[in-house]
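Below: the structure, in structure tokens.
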Amino acid sequence: MPLPSRTKVAIIGSGPAGYTAAIYTARANLEPVVFEGGGAAIEPITLPGGQLMITTEVENYPGFPKGVQGPELMELFKAQAERFGTNVVTADVTAVDLADRPFKVTSTEGELVADTLIIATGASAKWLGIPSEEKFKNYGLSACATCDGALFKGRDLAVVGGGDTAMEEATFLTRFSPKVHIIHRRDEFRASKIMLDRASRNPKIELVTNAVVDEILGGLPKPGVTGVRLRDTRDNSTRELAVGGVFVAIGHEPNSKLFRGLLDMDAAGYIKTNPGSTATKIPGVFACGDVADHVYRQAVTAAGTGCMAAIDAERFLAH
């Protein structure tokens, strides 16, 4: 749809948080405009549909007892938002002016003036940056154990990382896997002592230190991932490790660069909101989903905070 010149609610991002905010604000007759991404900006802040667009099988979203494909779920979100009158614009936001209300949003499709702004730009998993990584996404390579772990039942698995996230992911995966290898480039871990001790004591977990993944091995579409080639960081020797899945757990990066210097953020770049609210330090600007959540990072929690942001925006406008 074309970009209007003004709206009561502008929403940046089209994942579960953004579309849930759109559904609620649209039903409140606030005629929201959603910038879904996909506008071919040099550095897009968000991608259409969010992280679920690279998730094949979603089995933990309520209401889908047989599971649902990630892209299919996001199409349903979008259709529901549009049913109530949401204007979804295929454009990337390239700048925002939050100095005065109404706020000015600049995108690849033009400018929009908005009385309130809901930021739902999400976060992006950090990847290893090797060529075979792109090849095996959705075919045995994942960045979310709680999302995809159950799909790997009975397989030996590898988790790449050395922080608390890697320890948590590996420990979670032992529910499904007979052996989980934690691969870390050094012999010292960044993980907290309690998390490292918990992983070390688990008989299903093996710590593989001083090693990096040079290549992910396997075939497409089947059998998918069958192993990894490891390179020793001390002597550059290589060896292969047979695994049926690889989980990259080297952290997430919130898609918040556009708002640096404008909104309060923590050290990692997650936007800070007031306790019990989605409100930021600027009245009329709200943040929801993974761009403000470094703890849970699930589709259902993102949707929940999208609902909160919509209600917060509606109440702000009413007052």
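Check 222, 204, 272 and return the single one that is of a type in the set (Lys, Arg), closer than 21 Å to residue 11 by Cα and surrounded by fewer than 20 Cβ atoms within 10 Å (Cβ to Cβ). Explain how you work it out, then say what you get.
Details: 222 fails: closer than 21 Å to residue 11 by Cα; 204 fails: closer than 21 Å to residue 11 by Cα.
Exactly one residue qualifies, and that residue is 272.
Filter region 81-105 for residues that are surrounded by 15 or more Cβ atoms within 10 Å (Cβ to Cβ) and free of Cβ contacts under 8 Å to residues at least 24 places away in the same chain and give the result.
82, 104
Answer yes if at least one residue in region 224-241 is assigned to a loop (DSSP other than H, G, I, E, B), touching a residue at least 40 places away in the same chain (Cβ under 8 Å) and more than 30 Å from residue 93 (Cβ to Cβ), and no otherwise.
Looking through region 224-241, at least one residue is assigned to a loop (DSSP other than H, G, I, E, B), touching a residue at least 40 places away in the same chain (Cβ under 8 Å) and more than 30 Å from residue 93 (Cβ to Cβ).
Could you run through region 242-269 and say how many residues are in contact (Cβ under 8 Å) with a residue 40 or more places away in the chain and not in a helix (DSSP H, G or I)?
Filtering region 242-269 down to residues in contact (Cβ under 8 Å) with a residue 40 or more places away in the chain leaves 242-259, 262-263.
If we keep only those that are not in a helix (DSSP H, G or I) as well, we get 242-256, 262-263.
Counting residues in region 242-269 that are in contact (Cβ under 8 Å) with a residue 40 or more places away in the chain and not in a helix (DSSP H, G or I) gives 17.
For residue 67, indicate whether it is in contact with a strand residue (DSSP E or B) (Cβ under 9 Å, 6 or more places away or on another chain) and either buried (at least 21 other Cβ atoms within 10 Å of the Cβ) or free of Cβ contacts under 8 Å to residues at least 40 places away in the same chain (or both).
The answer is yes for residue 67.
Does residue 60 fit the bill of being on the phi > 0 side of the Ramachandran plot, surrounded by fewer than 21 Cβ atoms within 10 Å (Cβ to Cβ) and polar (S, T, N, Q)?
No, not satisfied.
Restricting the search to region 189-205, which residues are of a type outside the set (A, V, I, L, M, F, W, C) and either in a helix (DSSP H, G or I) or free of Cβ contacts under 8 Å to residues at least 12 places away in the same chain (or both)?
Selection gives 193, 197, 198, 200, 201, 203.
Give the number of residues within region 63-109 that are at pLDDT below 95 and at positive phi.
Residues that pass the stated criteria total 1.
Quick check: is even one residue across region 309-316 in a strand (DSSP E or B), more than 20 Å from the chain's Cα centre (by Cα) and closer than 21 Å to residue 10 by Cα?
Checked against the condition, which is being in a strand (DSSP E or B), more than 20 Å from the chain's Cα centre (by Cα) and closer than 21 Å to residue 10 by Cα, region 309-316 yields no hits at all.
Among the listed residues 108, 146, 116, which satisfies the condition of being touching a residue at least 40 places away in the same chain (Cβ under 8 Å), β-branched (Val, Ile, Thr), assigned by TED's automatic domain parsing to the domain that holds residue 314 and over 15 Å from residue 36 (Cα atoms)?
Among 108, 146, 116, only 116 is touching a residue at least 40 places away in the same chain (Cβ under 8 Å), β-branched (Val, Ile, Thr), assigned by TED's automatic domain parsing to the domain that holds residue 314 and over 15 Å from residue 36 (Cα atoms).
Could you tell me whether region 157-168 includes any residue that is in a loop (DSSP other than H, G, I, E, B) and touching an Asp or Glu at 6+ places or on another chain (Cβ under 9 Å)?
Looking through region 157-168, at least one residue is in a loop (DSSP other than H, G, I, E, B) and touching an Asp or Glu at 6+ places or on another chain (Cβ under 9 Å).
Within region 159-201, take every residue that is among the polar types (S, T, N, Q) and closer than 22 Å to residue 133 by Cα and give me the one that is surrounded by the most Cβ atoms within 10 Å (Cβ to Cβ). Step through it out loud before you land on a result.
So the first thing to find is which residues in region 159-201 are among the polar types (S, T, N, Q), and the list is 165, 171, 174, 177, 192, 200.
Still in the list and also closer than 22 Å to residue 133 by Cα: 165, 177.
On the way: 165: 23, 177: 25.
Top of the filtered list is 177.
Restricting the first residue to region 206-221 and requiring it to be without any contact (Cβ under 8 Å) to a residue 12 or more places away in the chain, which pairs with a second residue that is in a strand (DSSP E or B) meet a Cβ separation below 8 Å and a spacing of at least six or different chains?
Hits for this filter: 219/226.
Those residues that are surrounded by fewer than 16 Cβ atoms within 10 Å (Cβ to Cβ) and either more than 20 Å from residue 96 (Cα to Cα) or of a type in the set (Lys, Arg) (or both), I need them from region 295-319; list them, please.
Selection gives 295, 296, 300, 315, 318, 319.
For residue 116, state whether it is touching a helix residue (DSSP H, G or I) at 6+ places or on another chain (Cβ under 6 Å), buried (at least 17 other Cβ atoms within 10 Å of the Cβ) and not in a loop (DSSP other than H, G, I, E, B).
Judged against the criteria, residue 116 is a match.
The values are calculated or read from the model by the stated rules, or taken from the named source; none is laboratory data. Predicted, not measured: the structure shown is a model, and the values here were computed from it. Neighbour counts run over all protein chains shown; Cβ positions are idealised from the backbone, glycine included.
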